[in-house]
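To keep things clear, I will list the structure first and then write my remarks on it.
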Amino acid sequence: MPDRRRGQRFTFTCPAQAHVHMATDVFIERSDADTLTVLSAATSVAGEEFALRLRAPDGRTVSVPVRTIRSRPVFLPEQTVSYRIDLRVIASGQAGAATEGV
Amino acid sequence: MAWWTWGALTGALVKGIPAKVVNVSRHGCLLETSSPLPAGVVGSLEIERGGQKHIEPIRVCRTAERPGGALPFSAGSEFLILDAAPASSIRSQAARLERKQAPSRLAGDGENSVSGPTTSKASPRQDLDGDGAISRDFGDSHAP
């Protein structure tokens, strides 16, 4: 194994808090203040939490915390299987539910 | 205007998975997570240290499952080079540590020289940057 490595490894002296963020592109079918439905190539399980990132007309990016209500497969013409996911906005559509992002 | 009235057709669902950085090199790092990361997936690694957040774009190269632990999934990932690394990033720190250790390894261990056999690459724990961030050479992992 050491012969296959390209570089030296180092460890942290203090544990570092880390998160891996993975994004999935979704098509938004319907949305209101509390719930929305999206089409995604990846499924989700009920209760799973995400940040829904949206681009505002003026270019800002906002992040809306959402939780999966249910997910079911759909078969779209000329496409592979997609999933229709119903999401509920965490914090129930309050003005503070969406936060501006980078 | 409220976000649900924008009529945006697309968005991105971003999932955050807590992770532990086991070790790091200037090419990538080894992560331990509570849920699996599919090989090939691209994401961003957000590390919080000293009150500051550092973000590195990564691609998961390989994954393994080690049942029984609190973080049973490990993922070897490589850094995606999209721009020059900030000085405070772990990618930059690992590169600096590697550069500092390279001369001593060649002279002290006889590595890549004709004067003596190659010995262990493991070196004593040290904190070259003095900030407790990244320390010693790590011996055995899956990171690139």
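Please give the average number of partner chain Cβ atoms lying within 10 Å of the Cβ of each residue in A:21-30, rounded to a whole number.
The mean count of partner-chain Cβ atoms within 10 Å per residue comes to 6.
So for segment B:1-66, what are the equivalent ellipsoid semi-axes in whole Å, largest first, each being the square root of 5 times an eigenvalue of the Cα gyration tensor?
Values: eigenvalues 161, 54, 25 Å².
Over the Cα atoms of segment B:1-66, the ellipsoid semi-axes are 28, 16, 11 Å.
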**Report entry** Calculated P(r) of segment A:18-96 - Cα pairs past 16 Å, %
**Finding:** 52
Report task. Arrange A:75, B:73 by Cβ neighbour counts within 10 Å, fewest through most, would you? Result -> A:75, B:73
Report summary line: If R0 = 30 Å, then residue B:80 and residue A:60, at their Cβ-Cβ distance, give a FRET efficiency to the nearest 0.05 of 0.75
Query - Cβ neighbours within 10 Å from other chains - mean over B:22-33 - result: 4
**Report entry** Backbone HN-Hα couplings from phi across segment A:14-20 [Karplus 6.51/-1.76/1.60, Hz, Gly and Pro as x]
**Finding:** 10, x, 9, 6, 9, 9, 9
Query raised in the report: Using θ = phi - 60° and the Karplus curve 6.51 cos²θ - 1.76 cosθ + 1.60, what whole-Hz ³J(HN,Hα) does each residue of segment B:11-24 get, with Gly and Pro shown as x?
Result: x, 9, 8, 10, 10, x, 10, x, 9, 10, 8, 6, 7, 9
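Per residue of A:47-58, count partner chain C-beta atoms within 10 Å of its C-beta, then hand back the mean as an integer.
4
Coordinate-derived values only; no laboratory data. The model shown is predicted, which means the values in this text are computed figures rather than measured ones. Here the Cβ is made from the backbone with ideal geometry for all residues, glycine too, and neighbour counts use every protein chain on show.
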